[in-house]
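Data first, discussion second: the structure below is written as structure tokens.
Read the figures in this text as sums done on the coordinates, not as results from a lab. Quick caveat, the model's predicted, so the values are computed rather than measured. A quick note on method: Cβ atoms are made from the backbone with ideal geometry, for glycine too, and the neighbour counts reach across all protein chains shown.
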Amino acid sequence: MQKLLQLPVNAVNIVKSVQGVGQGQEEALSPVLTPDSSPQNWYSAVQPEELRHLRSGGTGETLRASLSQSLHDDLKEMLDSNKDSLKLEAMKRIVAMIARGKNASDLFPAVVKNVACKNIEVKKLVYVYLVRYAEEQQDLALLSISTFQRGLKDPNQLIRASALRVLSSIRVTIIVPIMMLAIKEAASDMSPYVRKTAAHAIPKLHSLDPEQKDQLIEVIEKLLADKTTLVAGSVVMAFEEVCPDRIDLIHKNYRKLCNLLIDVEEWGQVVIINMLTRYARTQFLNPNVNESLLEESSDKAFYASDDEEDEDEKAEVTTLEKRKPYVMDPDHRLLLRNTKPLLQSRNAAVVMAVAQLYFHLAPKAEVGIIAKALGMFEPYLKSFYIRSTDPTQIKILKLEVLTNLANEANISTILREFQTYIKSMDKDFVAASIQAIGRCATNIGEVRDTCLNGLVQLLSNRDELVVAESVVVIKKLLQMQPEQHSDIIKHMAKLIDNIQVPMARASILWLIGEYCEHVPKIAPDVLRKMAKSFTNEEDIVKLQIINLAAKLYLTNSKQTKLLTQYVLNLAKYDQNYDIRDRARFIRQLIVPTDKSGALNKYAKKLFLALKPAPVLESPFKDRDHFQLGSLSHLLNAKAAGYQELPDWPESAPDPSVRNVEIPDWSKCSSRKDRKEKKVEKPFYSDSEGESGPTESADSESDSGSGSASASGSDEGGSGSESEESREETESEEEEEDEEEEKKKRKKLDMTKAKKQADESAERCAIHTIHQISCIINFDTFDMNKITSVFSQTIAPSGLIKMYELLHRITGEGLAVEYCFSRQPFSPDPNMVAVQIQFTNNTNSETKNLHIEDPRLQSGMRIREFAEIDVLAAGESVTVVIGIDFCDSTQAANFQLCTHTRKFFVSVQPPVGELMTPAFLTENDFKKEQGKLMGMNEILEKLTLGEKCVNEHVIVERVTATANLSRVPCGSDKECRFAGKTVSSGCLVLVTVTTKEGGGAQLTVNCEKMVIGTMLVKDILQALSQ
Amino acid sequence: MIHSLFLINASGDIFLEKHWKSVVSRSVCDYFFEALERATEPENVPPVIPTPHHYLINVLRHRIYFVAVIQSEVPPLFVIEFLHRVVDTFQDYFGVCTEAAIKDNVVVVYELLEEMLDNGFPLATESNILKELIKPPTILRTVVNTITGSTNVGEQLPTGQLSVVPWRRTGVKYTNNEAYFDVVEEIDAIIDKSGSTITAEIQGVIDACVKLTGMPDLTLSFMNPRLLDDVSFHPCVRFKRWEAERILSFIPPDGNFRLLSYHVSSQNLVAIPVYVKHNISFREGSSQGRFELTLGPKQTMGKAVESVLVSSQLPRGVLNANLNPSQGTYTFDPVTKLLSWDVGKINPQKLPSLKGSMSLQTGASKPDENPTINIQFKIQQLAISGLKVNRLDMYGEKYKPFKGIKYMTKAGKFQVRT
């Protein structure tokens, strides 16, 4: 309690000191510290008063306290008690009140002093309370500030984060400087979770005090550079709320965001994708510009020259592609490629975000990929058929889709479907269906008559709404080409005898009157019938009878003069004044008398003016200018905070703004490269020395990123790193691309084959190192578990070394490479997975790729891949086959067949690929080793190569040579590895013991002596290099 | 983003409110109530309702409207997905998501909502992370807490928040290691008057209940993966592997989760397991209507069709129905005009039927429309698309787990037009 009593003093002092340091003016501006009540007075005034609250539980002096006294005394008592359980109970009841929307603000003093309560649940509920009421009770809220400030320094990251969350959520202007300071500090916190919270706090502070914008943008800029997925979504959210127009902040982070995207949580993905859509619209050229170019040759020249500039900058990109008038910026492509897998997200918002991205950014030919996810196109027509149980708004939307999908081919099916809708009990939906039929009829000329006939039948429907809607639609349809449809008008004239619905009768009469010239014989007869029944008709029908009469009088007065006069006379004495008025008005207008003025001459023009045909439009028209999937698009009205989607720029802004310090960054689209940065520098510079001049020119990002490794993103902690390692298994494709590039270079430089081999060995080494550093950093896990999780997922793809199966030249353009992916081959665990990559370098398709006639040693088995039907020119495809090598290094021979040729090829495994990692503890290892003594043990002394300076290098060399996993070991002089042969599951145990002066001893224990001997040879070679 | 949330029950009472930014008065819900009044059916309320200063986005689940208040541009689906996630979380925590359950657990609900959103932007929606922060209430724990004074709130940052695999917590231990997978397929179909299929498609899901120690890495392969047309995955599934090899490779979340949902398109031929013979007719000028319905199995691959329930919204003119079921029971609600017939299991030897007459308002003209018939059924041990799991392998852990696969086919939106 004593501690609690100190709180307000602390709070006030800190407020004071921060203000003093940070923003002197703030003091004068703040509402509480206004000159009328001088700051000093305020401090002394609040303190004793609040102390009283704390002592007495708020019984007493202040107005607020006296109000609360009557209401919540029991709760206050509980909050004041020493028992946490009572406090908790009280807080639960208070929170329940808040949840129901009951006012609990008078409890503020009693609640706020529990902010430092040891019980975490009480504390959390106090936070909930504070956030809800702090704005209303600013003075009292200040009492809690010092607790949060202490929380910000807590060693527990959850407490740091929640302190920041609450501090930034209590909307009290006076603490703005404290918030600013806290946010800045949290933005550099070690824990990504706290940094995420900092990102969330930015928009809170911005809405509380927009003046802080500039400082907040600095924090945003800093957090945008954060490399963890946890932060990415939140900071982009802050960016969107605070400074969505500062596109320049994105440049440097663009590629990183694209690459992180797949691992960001789903909500962050939506926000990032929407932001990147806007970004891309400002930075890249319209990919569909080609189409317009074909038409406008003048433009073509302009764009072509533009393109040449582009080529200079991005030489390596353009040389790979054919020269076209438009070349997509590789960054544009990166965005499209990296968002595509998200179409498989379980979150509809993510799928929608990707769909809109493709809609707004992709070349037209590629937009099709979203069709499946959106279900937008014709093959999915039937998915939009409507069920009677669908909610009305869904029905209307489905109807809209169906109408838009209608074309000559499917219209008859659609119309048949529409006919069932007309019988629905949902009348709004029936009306919409009739309109849809009308739109189909306008859009597709062939079915106009069918639709009209169908609609005419609907005129006899019992439901007035159906009839009215049909008549309206028929009217519109007929207005388009009345001359062709005199027979329908005739038909409708006949219907007048049967149709009782007044609205329908009225509409038919209007039609006959309007187009009386097309039915000159029938019209007067209709009028005759109508005149007879005039007195029994409904008012709306009577009005239309008068109209009809007037129109006929003007066009065919000979036949209808008497009839008209009769009708007008009847109307003159009608009970309804509207009808009487109308009759009087029309008589004056059409019947020439002395008194009738100039208007009489224009009567015909007035009545029979050509009325424009109404356009049957989609109710969903006119909203294209909004970004798809946005609230504004849905409502067809600009919502607050909507960011316009800019038009494509005429010429592309400088793409180099996205380059990050590392010069070759643009090429390393895969995560692996970024990861390589984290490798320790000494190792890197060493290996570079050896790899020699052949590569230094174009050694990809290896050298570049290596040098940048000093900046190593270790602050990301284990989280970021290991998540990349998961990703690695998924990004094989990209790696292979790279591998392929590398191969190309090899071909350029055949003479230096030896060095190339070194290079790939080095690559392997890098991966392994990374794998290990990953394990080391992951200190929260125990070693054994880590090895088991990660070597399964990482090691395989990390150690890929490509072998040639079929050279491009021998294969007549078909190049085939293979590698041992080190993934378990799931159809048969006794097989080694061999990943084969086909590249079609010809200009034509290669068809029916398959394996034939495998010639294998006895016992060996092969599991072929499913035949590849077509491999398009320039395309690559990767398949996985399984081979049971029976734990021998005998080659597997088979024929690779295309539709035209057969090639004899063979796959020979290095002995190290015949095993899979086994996971043993130190004790298990010793036990197993004990069982494999004598003939099963091979000992070999060796001198370690110059570069095998430390344990890391040894581990990486061994795991590169053989698919083994490391076994934990107490001694730092020993490295142990374990594996099992794939086919028979025999244990393979490897021990490397280092001695002073570069000497070492290699021990291999394995039941299969051949394997053991060969493995010793390979490892010896690897280690003594 | 999301400013506030109001929970509104079927009778239009706001029984819970939560604000993530400054407080929005509950009077904003008046606009919602207006829309609710206009809607003929509860589900016909427009999902997005614009008001002068706010936008209300709602979902209806378990007869509760979850109404989110937003103030500025945000993708509506974002909010809708989030609201559904809230409901799923409640269901996960309390077993059911009813007004009573929410009121009983109002504190946990509030704590959850507090963790799920920060300043209106989602913070933690992954169930395993939430469960480490706020433990689901159980009777045992409540008792223990009262005695020991311990709490339901975690003091440490959930391991998932910073992990590679945010969906899985570390240190999971089980004595019995088991992994169950339920392949559940729902047939959405429209059958026309004459009994021919107008449209039929299959929506399938694979729900998993995985209780495995440690960090298992699973792969699930299918005999016929090409069947799956449009798939969406739990974030744990490695997409590249699926693309390359059509294998589901994943480190599973702990406990229940939806691994995959898929769609077998209308292009493929879908087997329809039941047929309906019907004769529902009204005669002009008569106050009687005839009602005859017979159900029968077809294309069931020899499996029994169970839990059959037939429901139909009869035309408004129908006053009452006097029917005679050959099995099961039927009810007719003269107010809502909803006929439902709980059939049970279809016996192929003795087909269930429901026959009788309907009385109409005297003098009223014969109804224009014929009712549609909605059918629900279940078929155990059958995935109607023919999808078959080939094998499930586990890597990364040494023990042998118990593995189980169950197949089930259900009627989704299965409608017969008459």
Taking H placed 1.01 Å from N in the peptide plane, check which residues at least 5 places from A:Lys638 or on another chain put their amide H under 5 Å from its amide H. none
To make sure I understand, if each residue's beta carbon is the centre and we count other beta carbons within 10 Å, what order do B:His54, A:His200 fall in, fewest to most? B:His54, A:His200
Would you mind calculating the gained length between A:Phe904 and A:Asp647 on full extension (0.36 nm times residue separation, minus the Cα-Cα distance), in nm to one decimal? 87.0 nm
I need the phi-derived Karplus couplings for the range A:222-233: 6.51 cos²θ - 1.76 cosθ + 1.60, θ = phi - 60°, integer Hz, Gly and Pro marked x. 5, 6, 4, 6, 4, 9, 8, 5, 4, 7, 3, x
Mind running the shape call on the range B:2-148? Use the C-alpha gyration tensor, a ≥ b ≥ c as the square roots of the eigenvalues: rounded below 1.5 for a/c, prolate if a/b tops b/c, oblate otherwise. prolate
From a point 7 Å beyond the Cα of B:Leu269 in the direction of its Cβ, which residues of the range B:386-418 have a backbone N at a distance under 17 Å? B:386-387
For the range B:153-212, what is one quarter of the convex hull surface built on the Cα atoms, given in nm²? 7.8
Where in the range B:84-115 is the amide nitrogen less than 11 Å from a point lying 7 Å along the Cα-to-Cβ axis of B:Tyr174? none
Taking H placed 1.01 Å from N in the peptide plane, check which residues at least 5 places from A:Gln1025 or on another chain put their amide H under 5 Å from its amide H. A:Gly945
With R₀ set to 22 angstrom, the calculated FRET efficiency between the beta-carbons of A:Asn453 and A:Asn404, to the nearest 0.05, is 0.40
Between the range A:863-898 and the range B:217-272, what is the separation of their alpha carbon centroids in Å? 25
Per principal axis, largest first, the Cα atoms of the range A:70-282 extend in Å by 62, 31, 31
Out of B:Gly285, B:Gly363, B:Gln327 - ranked by how far each Cα lies towards the positive end of the dipole of the range B:274-380, with unit charges on the beta-carbon of charged residues - the top one is B:Gln327
When a/c is below 1.5 the answer is rounded, else prolate if a/b is larger than b/c, else oblate, so apply that to chain B with a ≥ b ≥ c taken from the square roots of the Cα gyration tensor eigenvalues. oblate
Per the rule of 0.36 nm per residue minus the C-alpha distance, extending A:Met935 to A:Lys532 adds in nm 132.9 nm
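Efficiency by 1/(1 + (r/R0)^6): what FRET value for A:Ser412 and A:His491, r their Cβ-Cβ distance, R0 = 22 Å, to the nearest 0.05?
Calculated value: 0.50.
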Pairs B:Lys240/B:Lys303; A:Lys87/B:Lys135; A:Lys118/B:Lys211; B:Lys135/B:Lys403: which are spaced more than 26 Å apart, C-alpha to C-alpha? B:Lys240/B:Lys303; A:Lys118/B:Lys211; B:Lys135/B:Lys403
Could you give the radius of gyration (one decimal) and Dmax (whole number) of the Cα atoms in the range A:913-1024, in Å? 12.7, 39
Once each part is reduced to its C-alpha centroid, what is the distance from the range B:65-104 to the range A:126-193 in angstrom? 27
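Would you please classify the overall shape of the range A:378-513 from the alpha carbon gyration tensor, given that a ≥ b ≥ c denote the square roots of the eigenvalues, rounded means a/c under 1.5, and beyond that prolate means a/b larger than b/c while oblate covers the rest?
oblate
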Sorting A:Phe925, A:Val1010, A:Ala978 by the position of each Cα along the dipole of the range A:913-1024 (Lys, Arg +1; Asp, Glu -1; all at Cβ), the one nearest the positive end of that ordering is A:Val1010
As an exercise, identify the chymotrypsin sites (Phe, Trp or Tyr not before Pro) in the range A:534-617 lying in DSSP coil whose Cβ has no more than 15 other Cβ atoms within 10 Å. A:Tyr573
Distance violations [Cα-Cα > 31 Å] among A:Lys494/A:Lys551; A:Lys621/B:Lys18; A:Lys252/A:Lys340; A:Lys427/A:Lys475: A:Lys621/B:Lys18
Helix-only CD estimate at 222 nm, as mean residue ellipticity for chain B, using -39500 (n - 2.57) per DSSP H run (n ≥ 4): -5000 deg cm²/dmol
From phi via Karplus (6.51, -1.76, 1.60), per-residue ³J(HN,Hα) for the range A:937-953 in Hz, x at Gly/Pro: 10, 10, 10, 8, 8, 8, 10, 5, x, 3, 8, 7, 7, 9, 4, 3, 5
What is the set of long-range amide H partners of B:Leu319 at a cut-off below 5 Å, with H atoms built 1.01 Å from backbone N? B:Ser359, B:Leu360, B:Gln361
In range of the label at A:Leu610: residues from the range A:451-490 whose backbone nitrogen is under 20 Å from the point 7 Å along Cα→Cβ: A:475-486
Tell me, what is the percent relative contact order of chain B, built from C-alpha pairs under 8 Å that lie six or more residues apart? 14
Virtual spin-label span in nm between A:Leu86 and B:Arg63, 7 Å along Cα→Cβ: 4.1
Average beta carbon contacts from partner chains per residue of B:64-77, 10 Å cutoff: 5
What distance in nm separates the two pseudo spin-label positions at A:Asn950 and A:Glu77, each 7 Å out from Cα along the beta-carbon direction? 6.7
Given the peptides A:105-115, A:272-282, arrange them by the average over their residues of other C-beta atoms within 10 Å, most packed first. A:105-115, A:272-282
First measure r as the distance between the Cβ atoms of B:Thr294 and B:Val205, then evaluate 1/(1 + (r/R0)^6) with R0 = 45 Å and state the FRET efficiency to the nearest 0.05. 0.90
Under the Karplus relation with 6.51, -1.76 and 1.60 and θ = phi - 60°, whole-Hz ³J(HN,Hα) for the range A:79-93, x at Gly and Pro, equal 5, 7, 5, 8, 8, 4, 5, 5, 4, 4, 4, 4, 5, 4, 5
